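Novice: Have a look at this one.
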Amino acid sequence: MEIKKNFIQKAIKDLGFRDFTEVQNLVIPKANKGLDIIGCSQTGTGKTHAFLIPIFEALDLDNHDVQAVITAPTRELAQQIYNFAVHIAKFSETHIDIRKYVGGSDREKEINRLKKSQPMIVIGTPGKIFDLAIKENLLNVYKAKTFVIDEADMSLEIGFLEDIDKLAASMDEGLQMMVFSATIPEKIRPFLRKYMNKPTEIFIKPKELSSLNIEHIFIPIKSKSREDVLLSLVKTINPYIALVFCNRKETVEEIGTLLYSNGYNVTKLHGDITPRQRKQVMDRIKKAEFQYIVASDIASRGIDIDGVSHVVNYELPKDMEFYIHRSGRTGRASYTGMAISLYTPKDESYLDFLENKGIDIIYKDIKNNELIKRRDRNERIKRIQSTKSIEIEKLNLKRKNKKVKPGYKKKFHRTVQKAQQKARRHHK
């Protein structure tokens, strides 16, 4: 792949890129041609540089106005993108004005600076960019040639789609749009059809599915409550850092409080935590002050936490694809990790989905503060099917033998015994 601008080549060399990743190889050539792109790719595949490199390639260094707008649903994601962009720009002899707009920043200072000059690349959260561009009419996003929406599914879930819609509507019809997302929810499709011109769809198969570094353990919830099973589990593991995932922010609060009241060193991350609290929590997480982090998917997306030894799915995510993203938080680089999930009989189809995706599930129970391997689900299904077949044979014999005939009881028992022997031989 040819990178034309010298300063981008220097930046890539400084990053130590030996080869481009799959998403970069697929996205960069098409983005350089100005095509609209929908990229379905998870965190950690190199997608940020996949859209940043074409943006810098197309950048007119003599044009000191807005040329590219990049939105991210959280401050942390926006900060990561901003850091990558600034790294590339520092190798340019001509100054490239890149500005980050997120909640919690000095609004008055930003407004005063915009009155004097415009950034060439805008990176920020949709709400903040909308505030400065549409409400205040100070940020000239309407002049942008490229609009990137990162983590679109998360932006939809948080409720940013309306702001993004209005930003897109204010831009030029010839705008190049690139949308990246872990999944493409059906609710976002009308928006994509509205603004994108025959987009190229690029799907990168998640690599964590068959990762040898992650052990996928599933623990059944039987007679105990889900809370009691979790408490039994945390007594059996001693993680460096464990991410405990819940589906709702209310559950995050409940489980965080439960673990804290039982003496565990725990913190909570969910959508209702203020930016200031979030920053304080993240600073403490980076210092490894917590052993357990109870989080929702939204709050944890885009946060890179070193040293996650265990991922615990207190609840399985509603979107099955998110199991992959959650488990991918552990077992990184050369380290091993453990993804532990609590499940009920209602989750049978969920388990089928994961196994069909290539995940080798290990089924275990908690006994005497230990994780004990048990018969896997396939054997259990076979036993259930064999039991059903025996019951059916019993029922059929009863129907056949409504009229009492001599010796019918002996024949009946012999038939049942044969069926049982056949089932036992099948499992040996």
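Novice: Being assigned to a strand (DSSP E or B) and within 12 Å of the chain's Cα centre (by Cα) is the filter here, so list the residues in the stretch 313-354 that pass it.
Specialist: Selection gives nothing.
Novice: Which of (1) at pLDDT below 95; (2) at negative phi; (3) out of contact with any strand residue (DSSP E or B) (no Cβ under 6 Å at 6 or more places or on another chain) is the odd one out, the single condition residue 198 does not satisfy?
Specialist: With respect to (1) at pLDDT below 95; (2) at negative phi; (3) out of contact with any strand residue (DSSP E or B) (no Cβ under 6 Å at 6 or more places or on another chain), residue 198 is out only on (2).
Novice: For the stretch 87-102, does any single residue satisfy the condition of being outside any helix (DSSP H, G or I), among the charged types (D, E, K, R), in the same structural domain as residue 175 (by TED's automatic domain parsing) and at pLDDT below 95?
Specialist: Residues of the stretch 87-102 that are outside any helix (DSSP H, G or I), as a first pass: 90-102.
Narrowing the set further to residues that are among the charged types (D, E, K, R) leaves 90, 93, 97, 99-100.
Checking which are in the same structural domain as residue 175 (by TED's automatic domain parsing) leaves us with 90, 93, 97, 99-100.
From what's left, at pLDDT below 95: none.
Within the stretch 87-102 (the criterion being outside any helix (DSSP H, G or I), among the charged types (D, E, K, R), in the same structural domain as residue 175 (by TED's automatic domain parsing) and at pLDDT below 95), the answer is no, since none of the residues qualifies.
Novice: Would a scan of the stretch 229-247 turn up a residue that is in contact with a Leu (Cβ under 9 Å, 6 or more places away or on another chain) and in a loop (DSSP other than H, G, I, E, B)?
Specialist: yes
Novice: Another one. Can residue 265 be described as closer than 28 Å to residue 76 by Cβ, assigned by TED's automatic domain parsing to the domain that holds residue 295 and surrounded by fewer than 14 Cβ atoms within 10 Å (Cβ to Cβ)? I'd like the intermediate steps shown before the answer.
Specialist: On the way: closer than 28 Å to residue 76 by Cβ: yes; assigned by TED's automatic domain parsing to the domain that holds residue 295: yes; surrounded by fewer than 14 Cβ atoms within 10 Å (Cβ to Cβ): yes.
Judged against the criteria, residue 265 is a match.
Novice: Considering only the stretch 224-239, I want to know if a residue exists there that is of a type in the set (Ser, Thr, Tyr), modelled with pLDDT of 90 or more, loosely packed, with under 13 Cβ neighbours inside 10 Å and more than 30 Å from residue 45 (Cβ to Cβ).
Specialist: Pass one, the stretch 224-239, residues of a type in the set (Ser, Thr, Tyr): 225, 232, 236.
Now drop any that are not modelled with pLDDT of 90 or more, which leaves 225, 232, 236.
After this cut, where a residue has to be loosely packed, with under 13 Cβ neighbours inside 10 Å as well, the list is 225.
Filter once more, keeping what is more than 30 Å from residue 45 (Cβ to Cβ): 225.
Yes, the stretch 224-239 contains at least one residue that is of a type in the set (Ser, Thr, Tyr), modelled with pLDDT of 90 or more, loosely packed, with under 13 Cβ neighbours inside 10 Å and more than 30 Å from residue 45 (Cβ to Cβ).
Novice: Okay, moving on. Can you tell me which residue is modelled with the highest pLDDT among those in the stretch 307-338 that are surrounded by fewer than 18 Cβ atoms within 10 Å (Cβ to Cβ) and either within 17 Å of residue 40 (Cβ to Cβ) or among the small types (Gly, Ala, Ser) (or both)?
Specialist: 307
Novice: Of the residues that sit in the stretch 1-16 and are farther than 20 Å from residue 61 by Cα and assigned by TED's automatic domain parsing to the domain that holds residue 84, which one is surrounded by the fewest Cβ atoms within 10 Å (Cβ to Cβ)? Don't jump to the end; show me each part of the working.
Specialist: Quick first cut of the stretch 1-16, residues farther than 20 Å from residue 61 by Cα only: 1, 13-16.
Imposing the further condition that a residue be assigned by TED's automatic domain parsing to the domain that holds residue 84 reduces the set to 13-16.
On the way: 13: 10, 14: 12, 15: 12, 16: 6.
Here the residue is 16.
Novice: Could you please find all residues in the stretch 110-129 being under 26 Å from the mean Cα position of the chain (by Cα) and in a strand (DSSP E or B)?
Specialist: Going through the stretch 110-129, the residues under 26 Å from the mean Cα position of the chain (by Cα) turn out to be 122-129.
Listed by number, the residues that qualify are 122, 123, 124.
Novice: Can you pull out the residues in the stretch 170-190 that are in a strand (DSSP E or B) and either of a type in the set (Gly, Ala, Ser) or free of Cβ contacts under 8 Å to residues at least 60 places away in the same chain (or both)?
Specialist: Just the residues of the stretch 170-190 that are in a strand (DSSP E or B), to begin with: 176-181.
Answer for the stretch 170-190, where residues must be in a strand (DSSP E or B) and either of a type in the set (Gly, Ala, Ser) or free of Cβ contacts under 8 Å to residues at least 60 places away in the same chain (or both): just 181.
Novice: One residue is enough: does the stretch 42-52 have a residue meeting the conditions within 11 Å of residue 123 (Cα to Cα) and touching a Pro at 6+ places or on another chain (Cβ under 9 Å)?
Specialist: Checked against the condition, which is being within 11 Å of residue 123 (Cα to Cα) and touching a Pro at 6+ places or on another chain (Cβ under 9 Å), the stretch 42-52 yields no hits at all.
Rundown of residues vs (1) surrounded by fewer than 17 Cβ atoms within 10 Å (Cβ to Cβ); (2) of a type outside the set (A, V, I, L, M, F, W, C); (3) part of a loop (DSSP other than H, G, I, E, B), yes/no style:
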site	(1), (2), (3)
69	no, no, no
79	yes, yes, no
85	no, no, no
108	yes, yes, no
131	no, yes, no
156	no, no, no
168	no, no, no
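Novice: Run down 272, 283 and say which single residue is assigned by TED's automatic domain parsing to the domain that holds residue 220, surrounded by fewer than 17 Cβ atoms within 10 Å (Cβ to Cβ) and assigned to a helix (DSSP H, G or I).
Specialist: Being assigned by TED's automatic domain parsing to the domain that holds residue 220, surrounded by fewer than 17 Cβ atoms within 10 Å (Cβ to Cβ) and assigned to a helix (DSSP H, G or I) holds for just one of 272, 283, which is 283.
Novice: Collect the residues in the stretch 355-375 that are part of a strand (DSSP E or B), among the aliphatic types (A, V, I, L, M) and touching a residue at least 24 places away in the same chain (Cβ under 8 Å), keeping them in residue-number order. Before the answer, list the steps.
Specialist: Here is the first cut: in the stretch 355-375, the residues part of a strand (DSSP E or B) are 361-367, 370-373.
Adding the requirement that they be among the aliphatic types (A, V, I, L, M) leaves 361-362, 366, 371-372.
Correct list: 361, 362, 366, 371.
Novice: Please name all residue pairs, on different chains or six or more residues apart, with Cβ atoms under 7 Å, provided the first residue is in the stretch 240-261 and is closer than 22 Å to residue 289 by Cβ and not assigned by TED's automatic domain parsing to the domain that holds residue 226 and the second residue is modelled with pLDDT under 95 and of a type outside the set (Gly, Ala, Ser).
Specialist: none
Novice: Among 12, 55, which is the only one that is without any contact (Cβ under 8 Å) to a residue 60 or more places away in the chain and of a type in the set (A, V, I, L, M)? Steps first, please.
Specialist: Details: 55 fails: without any contact (Cβ under 8 Å) to a residue 60 or more places away in the chain.
Answer to the selection: 12.
The values are calculated or read from the model by the stated rules, or taken from the named source; none is laboratory data. Computed from a predicted model, the values in this text were never measured in an experiment. We place every Cβ from the backbone using ideal geometry, glycine too, and count neighbours over all the protein chains shown.
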